[in-house]
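J.: Got a structure for you, written out below as structure tokens; questions coming shortly.
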Amino acid sequence: MPNEEHLKILKQGVEQWNKWRLENAKNAIRPNLGGADLSGAKLSGANLSDAKLIDANLSGADLSDAKLIDANLSGADLSGANLIRANLIGANLSKAKLRSANLGGVRLSHANLTSADLTNADLIYTSLVETDFTNATITGCRTYGASAWNVTLVGTVQGNLIITKEDEPVVTVDNIEVAQFIYLLLHNEKVRDAIDTIGKKCVLLIGRFTGGRIAVLERLREELRKRDFMPMVFNFDKPETKDFTETVRLLAGLSRFVIADITNPRSAPLELQATVPEYMIPFVPILERGEKPFAMFRDLWIKHREWVLDPIRYSSVDRLIEVLDAKIVKPAQVRFAELLARKAEDLRIKDI
């Protein structure tokens, strides 16, 4: 049940309400409007931050430009409500009913929308940074201009998300995280060119670059740039995380070829074992003179020697750079072309 005094003040109008909130700011009063019937209420610009609005009926209400930071709207009915440009950072909207609500330009970063129903809601220009959509429904929503970063989508029902403007032909996708990317592909030639460039110019450098070995990394990176490549570096001397291997796989999949420094026996044999069998791209192993490859490298080389080139042992960084074109870049480019042709071959079926 709502606090009758709080509800009475709110019904006197937004101006009176905001004045009361300001006067009581130091008292840390948290308005309790839980269960209140505020359907169709004119609450544009109202300061409802930290307010308890659990199970409140706000269907059809005008909450445009309202402040609802950290407000508790769990189970509230906001169907058809106008929340345009409202601030809902950190708000609890779990199990809220937001069907056909206008959330254009709303800030929903860190908001809890678990099990919320956003069917046909307007999410144009909405900020969705680390928003939790666990078990929520987001179907039929307009998402043009929405910014979705690191959102939680466990069990989320997604579908028919409209990524185009109202005056453009309708294009729909079924994943809010890829909506912006697909739109950019459709309308931004530079993005398409960038994707094409990645496959043609990216070279992944992997290894354990510590102490004096930083020089190897820096020189290789500098020389590859001179040759119009885009070097990407994955240094194994970083704290390992649960997505350590996945990161290497992703970067390898974007690369034209990989230069793997296996000088240090600890130089991520697990990462190479997880990556080499997955991608038919040239891997060029290098190691410093006096060192030996890790024990299981020979097995990788034997099984996948079609794209794992013979290891290059170098005596110094200067010598490595001296033979970079002849021993690393050119053989990798030739092997890349061969693998590309292999992938394009038609399947040959023998009749017996």
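The values are calculated or read from the model by the stated rules, or taken from the named source; none is laboratory data. This is a predicted model, so every value here is computed, not measured. Note that each Cβ is placed from the backbone with ideal geometry, even for glycine, and that neighbours are counted across all protein chains shown. Heads up: the accessible areas ignore ligands, DNA and RNA and are worked out on the full protein's heavy atoms, side chains in. Shrake-Rupley method; radii C 1.70, N 1.55, O 1.52, S 1.80 Å.
J.: So what's the angle, to the nearest 10 degrees on a 0 to 90 scale, between helix 330-343 and the longest Cα principal axis of the chain?
T.: Taking Cα atoms only, the helix is inclined about 70 degrees.
J.: For residue 327, list the lysines whose Cα falls under 27 Å from its own Cα; do not include residues on the same chain fewer than 8 positions away.
T.: By straight Cα distance, residue 327 reaches 200, 201, 226, 292, 303, 343.
J.: Still on this structure: Per DSSP H run of n ≥ 4, the term is -39500 (n - 2.57); total these for the chain, divide by its residue number, and report the mean residue ellipticity at 222 nm rounded to 500 deg cm²/dmol. Could the numbers behind the result be given before it?
T.: Values: 10 runs with 100 residues, N = 352.
About -8500 deg cm²/dmol.
J.: Please give the net charge around residue 152, taking every other residue with its beta carbon less than 12 angstrom from that of residue 152, where Lys and Arg add +1 and Asp and Glu add -1.
T.: Local net charge: -3.
J.: While we're looking at this one, here's another question. Rank 228, 261, 62 by accessible area, highest first, at a 1.4 Å probe radius?
T.: These residues rank, largest area first, as 228, 62, 261.
J.: On the accessible surface of segment 1-96, probed at 1.4 Å, how many percent belong to carbon and sulfur atoms? If you can, show how the numbers build up before the last one.
T.: On the way: 2110 of 4570 Å².
On segment 1-96, the fraction of accessible area on carbon and sulfur atoms equals 46 percent.
J.: Next question, about the same structure. Given a 1.4 angstrom probe, what's the average accessible area per residue across the chain, in square angstrom? Could you put the intermediate results ahead of the total?
T.: Values: 18560 Å² over 352 residues.
Per-residue accessible area for the chain comes out at 53 Å².
J.: Please report the antiparallel percentage of the DSSP beta bridges confined to the chain, to the nearest 5.
T.: Expressed as a percentage, antiparallel bridges in the chain total about 5.
J.: Once the other residues with Cβ under 15 Å from the Cβ of residue 306 are scored (Lys, Arg +1; Asp, Glu -1), what is the net sum?
T.: Here the charged neighbours net out to 0.
J.: Less than 13 Å apart at the alpha-carbon level, and either on another chain or at least 8 residues along: which aspartates and glutamates does that give for residue 11?
T.: List returned: 37.
J.: Would you mind calculating the relative contact order of the chain from Cα pairs under 8 angstrom and at least 6 residues apart, reporting the percent as a whole number? List each step's numbers first, then the result.
T.: Values: 786 pairs, mean separation 24.0, N = 352.
Taking the mean separation of contacting Cα pairs over the length of the chain, I get 7 percent.
J.: Let me ask something else about it. Determine the sum of side-chain charges near residue 164: Lys and Arg each +1, Asp and Glu each -1, restricted to other residues whose C-beta is under 14 angstrom from that of residue 164.
T.: Once positives and negatives cancel, what remains is -2.
J.: Follow-up question, since we're still on this one. Would you please give the residues with an amide H less than 5 Å from that of residue 313, counting only those at least 5 places away or on a separate chain, with H modeled from the backbone geometry?
T.: Amide H neighbours of residue 313, under 5 Å, 5+ apart: 287.
J.: Moving on to the next point. Over the alpha carbons of the chain, what is the largest minus smallest coordinate on each principal axis, giving the biggest first in Å?
T.: Answer, in whole Å and largest first: 83, 58, 38 Å.
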